[in-house]
Amino acid sequence: MKLKVITSNPGKVAEYQKAFDELGIEMEHYKLPYDEVQTSDLREVVNKGMDEIIAKGVRNFIVDDTGLFIDALKGFPGVWSAYAQKTIGNKGILKLMEGVEDRGAEFRCCIGCDIDGKRIVVVGVCRGYITDSEKGTDGFGFDPIFSPDGKLTFAEMSVDEKNLISHRGNAVRLLIEQLKG
Ligand code: ITT
């Protein structure tokens, strides 16, 4: 079976492909722009996006809305993560965090899956720390400045290593549990 991953981000597709390999489900990178509503709720973004995609006649797909929520910045960039990444980037985030002692942060990943006419929406979380500098060249987005255990950043891990502990990996495990049920 095949699932479309509707995203502009090829890094997400690579992570989904690895995570679904064991189930023999093939991921197809599918580019279909959809409206990401401005709300503080990742689930709402995903549900509204799914309604729009289904209204366009596309079925059997995954959408993913993810944010990095930094404790000391009261959850910023959170739902504005894509905008923050495009404008100030990782260097800008590190600048905002200069001299800040509390480095705690978490990624939240909301997955919406449309499969055989059913809708499953799950959220996976990964807590960790904002590093002092960018480290590593793998992954994408905030990976070089986020470390789940204060040692390696996600950008210093392979896709398999990241999936084992990441927000997306945790969300996929919840999704697979529901798919099996
Ligand atoms: P789509 O909306 O087209 O799927 P996107 O990359 O904009 O692609 P999000 O809105 O979910 O996806 O992501 C918000 C930002 O967070 C964006 O800049 C991503 O690069 C970044 N991001 C998402 N998942 C991430 C991860 O696992 N590791 C690091 N950064 C991530």
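Using the structure shown, decide if ILE176 is surrounded by fewer than 21 Cβ atoms within 10 Å (Cβ to Cβ), more than 13 Å from the ligand (Cβ to nearest atom) and part of a strand (DSSP E or B). So ILE176 does not fit the description; no.
Kindly establish whether ILE93 is β-branched (Val, Ile, Thr) and surrounded by fewer than 16 Cβ atoms within 10 Å (Cβ to Cβ). Step through it out loud before you land on a result.
Numbers: β-branched (Val, Ile, Thr): yes; surrounded by fewer than 16 Cβ atoms within 10 Å (Cβ to Cβ): no.
It is false that ILE93 is β-branched (Val, Ile, Thr) and surrounded by fewer than 16 Cβ atoms within 10 Å (Cβ to Cβ).
Screening the range 112-122 for residues that are in contact with a Cys (Cβ under 8 Å, 6 or more places away or on another chain) and free of Cβ contacts under 8 Å to residues at least 60 places away in the same chain and picking the one that is nearest to the ligand (Cβ to nearest atom) gives VAL122.
Out of the range 98-122, which residues are assigned to a strand (DSSP E or B) and surrounded by fewer than 12 Cβ atoms within 10 Å (Cβ to Cβ)? Walk me through how you get there before you give the answer.
In the first step, residues of the range 98-122 are kept if they are assigned to a strand (DSSP E or B); the result is 104-115, 118-122.
Residue satisfying the conditions is LYS118 alone.
Considering VAL79, VAL46, VAL63, the condition of being touching a residue at least 12 places away in the same chain (Cβ under 8 Å) and either more than 14 Å from the ligand (Cβ to nearest atom) or part of a strand (DSSP E or B) (or both) is satisfied by VAL63 alone.
Please count how many residues of the range 16-38 are in a loop (DSSP other than H, G, I, E, B), within 13 Å of the ligand (Cβ to nearest atom) and either hydroxyl-bearing (Ser, Thr, Tyr) or within 14 Å of ILE115 (Cβ to Cβ) (or both). Here the count works out to 1.
A single entry from VAL58, VAL13 fulfils the requirement of being crowded, with 16+ Cβ neighbours inside 10 Å, closer than 17 Å to CYS113 by Cβ and within 12 Å of the ligand (Cβ to nearest atom): VAL13. Annotation note: of ASP65, ASP35, the sole residue that is under 26 Å from ILE93 (Cα atoms), within 19 Å of the chain's Cα centre (by Cα), surrounded by fewer than 16 Cβ atoms within 10 Å (Cβ to Cβ) and of a type outside the set (S, T, N, Q) is ASP35. Within the range 1-15, residues that are at pLDDT 95 or above sit with their Cβ atoms under 6 Å from residues that are assigned to a loop (DSSP other than H, G, I, E, B), at 6+ positions apart or across chains, in these pairs: LEU3/ILE25; LEU3/ASN60; ILE6/LEU32; GLY11/PHE140. Condition first: closer than 15 Å to VAL63 by Cα, in contact (Cβ under 8 Å) with a residue 60 or more places away in the chain and under 16 Å from the mean Cα position of the chain (by Cα). Can you find one or more residues in the range 87-106 that meet it? No, every residue in the range 87-106 fails to be closer than 15 Å to VAL63 by Cα, in contact (Cβ under 8 Å) with a residue 60 or more places away in the chain and under 16 Å from the mean Cα position of the chain (by Cα).
Scoring VAL125 on the criteria (1) under 30 Å from ILE53 (Cβ atoms); (2) among the aliphatic types (A, V, I, L, M); (3) free of Cβ contacts under 8 Å to residues at least 60 places away in the same chain; (4) away from the ligand (no atom under 15 Å from the Cβ) leaves a single failure, condition (4). If you go through the range 128-144 and keep only what is surrounded by 15 or more Cβ atoms within 10 Å (Cβ to Cβ) and charged (D, E, K, R), you end up with GLU134, LYS135, ASP138, ASP143.
Residue check: GLY136 meets all listed conditions (1) within 16 Å of the ligand (Cβ to nearest atom); (2) of a type in the set (Gly, Ala, Ser); (3) under 21 Å from GLY75 (Cβ atoms); (4) more than 16 Å from the chain's Cα centre (by Cα) but one, namely (3).
The values are calculated or read from the model by the stated rules, or taken from the named source; none is laboratory data. Computed from a predicted model, the values in this text were never measured in an experiment. Backbone-built Cβ (ideal geometry, glycine too); neighbour counts: all protein chains shown.
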